[in-house]
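Structure first, commentary second.
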Amino acid sequence: MPSRDGRRAGRSPMAAPRSFLWTRRVVLTLLAGFVLLPVYVMISSSLKPLQDVSGKFRWIPRGLTVQPYVDIWDTVPLARYFVNSLIVAGAATVCSVVIAVFAAYAVSRYGFRGKRVFTVTVLSTQMFPGILFLLPLFLIFVNIGNSTGVALYGSRGGLILTYLTFSLPFSIWMLIGYFDSIPRDLDEAAMVDGCGPLRALFRVVVPAAVPGIVAVSVYAFMTAWGEVLFASVMTNDATRTLAVGLQGYATQNDVYWNQVMAASLVVSVPVVAGFLLLQRYLVAGLTAGAVK
């Protein structure tokens, strides 16, 4: 029953208009369909025989099979590519987080000449596209190998160093903002209790900065896990990663589309699982690191 001011009884004056609620539902439904439609195509194509995928696309498959998920391990050495990606992405993430923690703590807690220039320089490196660094890094790695015998080109170590060049600057900048949001009184209280700077960092600051560190870790891992450009140039058959190894399902005679879709879903499992498990820390770290 309408009230005196025309509103329905029981409806809060601060509630959003019904037109806004319906508009939001429609927009969110369209966005969900836009996101989930490619996922459905991938899943359905990965469960079809090759002849069904190569022919006219059917929204409802005539027959389902899990054979593509079995064949992906034999068509290309996917297990080796998987191990290479785990080693490279994991090592790049650990190195990026460790270095970024020390660098960000020094910038956040200590004053030194050129501090602002250093911060701006670190952030400005993100303006340049990665392809600009491809040829210089390639020449540097080849020259280092020729002069010292340390094989960086075509090795996992060289690829890890390559990924650090563009994941580390952003990690440092992000942790600087997060460390600045942590009160310095915590450091001072720890030092009063007898802790040195490093002990205060690991006992007080790092536990308080877990969301920010998790956000940096997820960013570094995802960057290294799905990178294609540098991995296609800096690796060989023995050190090839998943992002490049998926090209092996395309031969001169045919493209195994069902296996491509199956392999794409398999390689996305670590990233999706990690994101779901660490989502709470990731959102908190991105939010706190963006506000000083």
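How would you classify the stretch 82-194 from its alpha-carbon gyration tensor, with a ≥ b ≥ c the square roots of the eigenvalues: rounded for a/c under 1.5, else prolate if a/b is greater than b/c, otherwise oblate?
Because a/c hits 1.5 or more and a/b exceeds b/c, the stretch 82-194 counts as prolate.
Would you please calculate the Kirkwood hydrodynamic radius of the stretch 10-168 over all C-alpha pairs and express it in Å, rounded to one decimal?
Across the stretch 10-168, the inverse of the average 1/r is 21.9 Å.
So what is log10(I(q)/I(0)) for the chain at q = 0.07, 0.12, 0.15, 0.16 1/Å, when the Debye sum runs over its Cα atoms only?
Treating every Cα as an identical point scatterer, log10 I(q)/I(0) equals -0.42, -0.96, -1.19, -1.25.
With an 8 Å Cα cut-off and a minimum separation of 6 or more residues, compute the relative contact order for the stretch 40-116 in percent.
That works out to 21 percent.
Pull out the extension gain between ALA32 and ARG109, defined as 0.36 nm times the separation in residues minus the alpha carbon to alpha carbon distance; nm, one decimal.
Computed gain between ALA32 and ARG109 is 23.4 nm.
Helix-only estimate, please: 222 nm mean residue ellipticity of the chain, summing -39500 (n - 2.57) across DSSP H runs of length 4 or more and dividing by its residues, to the nearest 500.
It comes out at -21500 deg cm²/dmol, rounded to the nearest 500.
Pull out the extension gain between MET42 and LEU123, defined as 0.36 nm times the separation in residues minus the alpha carbon to alpha carbon distance; nm, one decimal.
Additional length available on full extension: 25.5 nm.
Which number comes out as Rg/Rh for the stretch 159-233 once both Rg and the Kirkwood Rh are worked out on C-alpha atoms?
1.13
For the stretch 264-274, what does the Karplus curve 6.51 cos²θ - 1.76 cosθ + 1.60, with θ = phi - 60°, yield as ³J(HN,Hα) per residue in whole Hz, taken in order and with x for Gly and Pro?
Here the 3J(HN,Hα) series is 5, 5, 5, 6, 7, 4, x, 5, 5, 5, x Hz.
Stretched out fully, how many nm does the piece from PHE275 to ASN146 gain, at 0.36 nm a residue minus the Cα gap?
Length gained, PHE275 through ASN146: 42.3 nm.
I need to check one value: relative contact order of the chain, counting alpha carbon pairs closer than 8 Å and at least 6 residues apart, in percent.
Answer for the chain is 28 percent.
What list of ³J(HN,Hα) couplings, whole Hz, do you get for the stretch 120-133 from phi and the Karplus terms 6.51, -1.76, 1.60, once you set θ to phi - 60° and write x for glycine and proline?
3J(HN,Hα) across the stretch 120-133, in whole Hz: 5, 5, 4, 6, 5, 5, 6, 6, 8, x, x, 5, 5, 8.
As a test question: what accessible area, to the nearest 10 Å², does VAL210 have when a 1.4 Å probe is rolled over all protein chains in place?
It works out to around 60 Å².
Considering the convex hull of the alpha carbon atoms of the stretch 173-280, report its projected area averaged over all viewing directions, in nm², one decimal.
9.9 nm²
Mind listing P(r) for the stretch 120-169? All alpha-carbon pairs, 10 Å bins, whole percents.
Histogramming the stretch 120-169 at 10 Å steps yields 24, 50, 23, 3 percent.
The values are calculated or read from the model by the stated rules, or taken from the named source; none is laboratory data. Remember, it's a predicted structure, so these values are computed and weren't measured experimentally. Surface accessibility is based on the protein's heavy atoms, side chains included, excluding ligands, DNA and RNA. Shrake-Rupley method; radii C 1.70, N 1.55, O 1.52, S 1.80 Å.
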